[in-house]
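Heads up, the thing below is written out as structure tokens.
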Amino acid sequence: MPLQKDTIYEGPITIIKTGKGFFSYDPNEEDMFIAGENLGGAFPGDTVKVSFTGYDTDQRTGKKRAAGKVVEVTGRARETFVGKLVENKEENLTMLIPDWKKMYVPFVVKGESLPLGHKVIIRFKGWNQHQPYPWGELEEIIGPAGEHETEMRALALSQGFRSDFPPGVQTEAQYLETHGRQMLKDGADQEVAAGTRKDFRGTTTFTIDPFDAKDFDDALSVKVLPNGNYEIGVHIADVSHFVRPGTQIDNEARKRATSVYLVDRTIPMLPHILSTDLCSLNPNEDRLSMSAVFELNKEAGIVSRWFGPTVIHSDKRFTYEEAQEVLNKQDGIMLEELNTLKMLADKIRARRVAKGAIAFDTPEVKILLDETGKPVEILLKNRIDTMLVIEDFMLLANEAVAEFLSTEVKKTKSQSIYRVHESPDQDRIENLSQFLKVMGYELPVVAGKVKGADINALLSQVIGKPEEYLIKVAALRSMSKAVYATKNGGHFGLAFEFYTHFTSPIRRYPDLLIHRLTKHYTVGTPFSNEEKGELDQLAMHSSEREVSAVEAERDSIKMKQVEYMMEHVGEEFDAVISGVSDRGLFVELQESRAEGMIRIRNIGDDYFIYDEKRYRLVGEKTKVEYALGDPIRVKLVDARLAERELDFEIVKKA
């Protein structure tokens, strides 16, 4: 539909750090451009009313584009902001420089005894017309800027996550510390006797987790059946037994929606009495669980399945490495069970990949800190077989529970929550295809669509090549983001028609909701119409909080990478060109995955032209090329911790 002058649209606005805004008014059209002087006091992510004002010319591309102005801010994405207090001597003002990188303007901070040089939280109060800055009032002092504890707390607080719990939650947690074990025993004894909870305490059961895990929310049981098939139980901590709707703990958990994993700490969704004790599937103790139990044949085909509340007794706590050593040596405790799980998992995974599940497998960055929080080593952790085994059975349970609930809610004309991953956006896939052509690879794209099997074929082609990591990351970034939704849309990346999150209720609120729904449809526990009516809003909220948690986690890694690199200014590193722009080259170090930039003025004694279509810079005189994916040798020239930025210069092309 053609745009009409002064037509009003409402929705969220995107604003980049340079203070330019973009507003999506039609998914099939380019975003409307909002110049800085027309932002009307909006901040990134705010809900605004925008008036279409006409067309202007994009100075970068020369193309005509729709333009508009914000006429009203109808909803603020954020009311509080974290940053450093500094003095503006020229204007005699105390100002907050926001940590939030998307924020394009500082705040004037009003009040007495403002601690300059400290990280603080301010509450936004207003932005008076014709004034250059918004203003706010001091709400909380975090600590001196630059200190490890201050910066880590600031990272979390800037995304709305706090380590401490409100008084009401603490009171309920104290009650659970006193009465929780009796609640656990009563749940096991009474519900088993009533037939509403199955007893798996006599079945061989164990957990496999990272060596530094503090809570264990999933366990596996293994039994060989008389007919030669295998009974595999996927047992998940029954958080819903302790966390009931309407309690303070539940209200806080739904608000947080997720745990947050920073480099040096976990900010839990639930109080520690639950996450590391009552709901943690600790070895040699009875624990309540929600289970998905499968009878699998020798080809890992599902013969039958059962869902419902259980009580288990974990016989052993393995780390991934300990379980892997048993498999490698073919000797040790529970060898037969581990061999069975690996044999079945390999077949489950092969079947999934054959259906088109995309096998992204990039190393995880692990930063080791000393007792003061200083980074001393950066490691790249590759996944091992035992990690894949656990993943395969968690995926099996998630898919099966999603399909089960989908059938049940159809009968009752109700709703469930799904984990939805839509097929990639057409423009992103076309861009990826173009990028791959430049890199010398072909990705079949038909009418803007791509098959998971073709992406897998591409990923197989690049194994062991210098550009492997870069192409994996580019393909991953082209994917849609997975979200929670009450309408099932399948999971493109996993090639599943049905998918949900069932396996981590200690750290994800949607999993807790799925447990309540599963109990409702298996043993008849109440799930009120009010709770059903909240599912849409809770799915959306959980998706938003997940994005915030991921940003905080990435920022903590980035900060510690930069801090680590501060000790290595002047040293040389092998890198790959991970991005090209008219401002210079972005590089990623091979060993640490630390990212930084080589500014165009520092590239060489030449005038470099940006070839946007071929993702490269070309020297006008020398014709030297620097292209996306090129290996390169660089020297670190500056590491700026406050900005979390690294500057490099070129030593030589590899």
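Every number here is computed from the coordinates shown, using simple stated rules; none is lab data. Just so it is clear, the structure is predicted and the values come from calculations on it, not from any experiment. Here Cβ is always computed from backbone atoms with ideal geometry, including for glycine, and neighbour counts include all displayed protein chains.
Let me check against my output: what whole-number percent is the relative contact order of segment 80-145, with C-alpha pairs under 8 Å and at least 6 apart?
For segment 80-145, the relative contact order is 32 percent.
Mind listing the phi-derived Karplus ³J(HN,Hα) values for segment 269-278, rounded to whole Hz, using 6.51, -1.76 and 1.60 with θ = phi - 60°, and x for any glycine or proline?
6, 10, x, 4, 4, 8, 5, 10, 10, 4
Using 7 Å Cα-to-Cβ label points, what is the GLU643/LEU380 separation (nm, one decimal)?
2.7 nm
Which whole-number percentage describes the relative contact order of segment 426-479, with Cα contacts under 8 Å and a sequence gap of 6 or more?
36 percent
Measuring from label point to label point, each 7 Å out along Cα→Cβ, what is the ALA77 to GLU91 span in nm?
2.3 nm
Could you tell me which of ASN128, MET103, ASN92 has its Cα farthest along the dipole of segment 80-145 towards the positive end, charges placed at Cβ (Lys, Arg +1; Asp, Glu -1), taken about the Cα centre?
Highest projection toward the positive end goes to MET103.
Report, largest value first, the span of the C-alpha coordinates of segment 1-99 along each principal axis, in whole Å.
If we take the Cα atoms of segment 1-99, the spans are 49, 30, 20 Å.
On full extension of the chain, what length is gained from LEU388 through ASP212, given 0.36 nm per residue of separation minus the C-alpha to C-alpha distance?
61.6 nm
Could you list THR178, THR247 so that the one with the fewest beta carbons within 10 Å of its beta carbon is first and the one with the most is last?
Lowest to highest Cβ neighbour count: THR178, THR247.
Per residue and in Å³, how big is the convex hull formed by the alpha-carbon atoms of segment 559-629?
96 Å³
Give the residues of segment 220-260 whose amide nitrogen is closer than 18 Å to a point set 7 Å from the Cα of MET343 in the direction of its Cβ.
Flagged as within label range: 221-233.
If you filter segment 545-599 for trypsin sites (Lys or Arg not before Pro), then keep DSSP loop positions with at most 15 other Cβ within 10 Å, what is left?
Here the trypsin sites (Lys or Arg not before Pro) that fit, given the DSSP loop and packing criteria, are ARG583.
Taking the dipole about the Cα centre of segment 508-576, with the C-beta of Lys and Arg at +1 and of Asp and Glu at -1, give me whichever of LEU512, VAL562, VAL523 is farthest to the positive side.
Result: VAL523, furthest along the dipole toward the positive end.
When percent of Cα pairs over 39 Å apart is calculated directly from the model, which label among [x] 27; [y] 40; [z] 30 fits?
Correct label, based on the coordinates given: [y].
Let me see the pair-distance distribution of segment 80-145: every alpha carbon pair, 5 Å bin width, integer percents in order.
4, 19, 33, 27, 14, 3, 0
Subtract the Cα-Cα distance of LYS102 and ASP361 from 0.36 nm times their separation in residues, and report this length gain in nm to one decimal.
So the extension gain works out to 90.3 nm.
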